[in-house]
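Input: a single structure, listed below in structure tokens.
The values are calculated or read from the model by the stated rules, or taken from the named source; none is laboratory data. Everything quoted here is computed from the prediction, not taken from an experiment. Note: ideal-geometry Cβ built from the backbone for every residue, glycine included; neighbour counts use all protein chains shown.
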Amino acid sequence: MTAIVARRCFVSGRVQGVYYRASTRQKAVELGVNGHARNLEDGRVEVIAVGESTAVETLIQWLYVGPPAAKVTTVDVQEISPEEIEKMPVAFATR
């Protein structure tokens, strides 16, 4: 059995206006990861990912590449507690 983990990722670069959020949602659903992706005012995209550790790690690795039109420069990954996740809105869910 794989542990459930939660991560907050801040993705920088050319990640707004290039279908980054929609592509992230599609990849997350494919992997069975719950969470959300939203644009931030400073030009970054915040991604919350909750799921089995291997699936979340696979999504995080994908965040470094993103969709074809994106140009990712950095991905800052932070561990967050499942309790924090319960307080956040979920925009994509696999269940």
Checklist outcome for this item: For region 11-69, the count of residues that are among the β-branched types (Val, Ile, Thr) and without any contact (Cβ under 8 Å) to a residue 12 or more places away in the chain equals 1
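State the number of residues belonging to region 11-26 that are closer than 14 Å to residue 64 by Cβ and surrounded by 17 or more Cβ atoms within 10 Å (Cβ to Cβ). Spell out the reasoning first.
Going residue by residue through region 11-26, those that are closer than 14 Å to residue 64 by Cβ are 11-15, 20, 23-24.
Imposing the further condition that a residue be surrounded by 17 or more Cβ atoms within 10 Å (Cβ to Cβ) reduces the set to 11, 13, 15, 20, 23-24.
Residues meeting the conditions: 6.
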Next on the checklist: Would you confirm whether or not region 51-66 contains a residue that is over 14 Å from residue 80 (Cα atoms), crowded, with 21+ Cβ neighbours inside 10 Å and not aliphatic (A, V, I, L, M)?
Outcome noted: yes
Checklist entry - Are any residues in region 64-86 under 12 Å from residue 7 (Cα atoms), modelled with pLDDT of 95 or more and hydrophobic (A, V, I, L, M, F, W, C), and if so, which ones? => result 75, 77
Next on the checklist: Considering only residues that are touching a Gly at 6+ places or on another chain (Cβ under 9 Å) and not in a loop (DSSP other than H, G, I, E, B), which ones fall in region 58-74?
Outcome noted: 59, 71, 72, 73, 74
